[in-house]
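A short reminder: the numbers here are calculations on the coordinates, not readings from a lab. What you are looking at is a predicted structure, and each value in this text was computed from that prediction instead of being measured. All Cβ positions, even for glycine, are placed from backbone atoms using ideal geometry, and neighbour counts span all protein chains on display.
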Amino acid sequence: MLVPMMVFFLALLVVGGLTSLMVLINPDDAHKAEFPFACFFAGLTAFALASVGGLVYEYVSEPIGGVITMLIAPTLGLFGGGVFGYRLGKRRRRRRAPNDDD
C-alpha cells in the first residue's frame, strides 16, 4: 500500500518538475504555468510529508508516524501543495509579457 503511494508522489514530482522546467525556460508557455506548478508542488509536499512520517514512525512513535504517512501526506500534502503551486502558476501567468497572446 505504501509503495504505490510513494511512486505516485514521485511521479507527480518528476512529471510536474519537468513540465515546470519547460514552462520556466520557454516564456511563450507562461499561460500554461498553473497545472505543472500545482503538480510539482503537490508531489513535493506529499513526498516530503510521507518521508517525515516514515522517520517519525521509525524513531519516535509508530502510531503518529502511521497517521502522518497514511492520512496527512495524501490529504494535506497533495491539497496544500497543489493550491500553493497553482497560486504560483497564476502569478507567473500574470507576470508574463503583455504581447504574449494565447
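The table for this structure:
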{"quantity": "Nearest-ten-degree value, helix 34-59 long axis tilted from longest Cα axis of the chain", "calculated": "20 degrees"}
{"quantity": "Footprinting exposure proxy for THR19, THR45, THR75 (fewest neighbouring C-beta atoms within 10 Å first)", "calculated": "THR75, THR19, THR45"}
{"quantity": "Rg in Å to one decimal, and Dmax rounded to a whole Å, for the range 3-56 via C-alpha atoms", "calculated": "12.7, 43"}
{"quantity": "Nearest-20 debye value, the chain charge dipole, Cβ charges on Lys, Arg, Asp, Glu", "calculated": "400 debye"}
{"quantity": "Burial ordering of SER20, SER61, SER51, fewest other beta-carbon atoms within 10 Å first", "calculated": "SER61, SER51, SER20"}
{"quantity": "Of every Cα-Cα pair in the chain, the percent that sits beyond 20 Å", "calculated": "43 percent"}
{"quantity": "Contact order normalised by residue count of the chain, Cα under 8 Å, 6+ apart, percent", "calculated": "32 percent"}
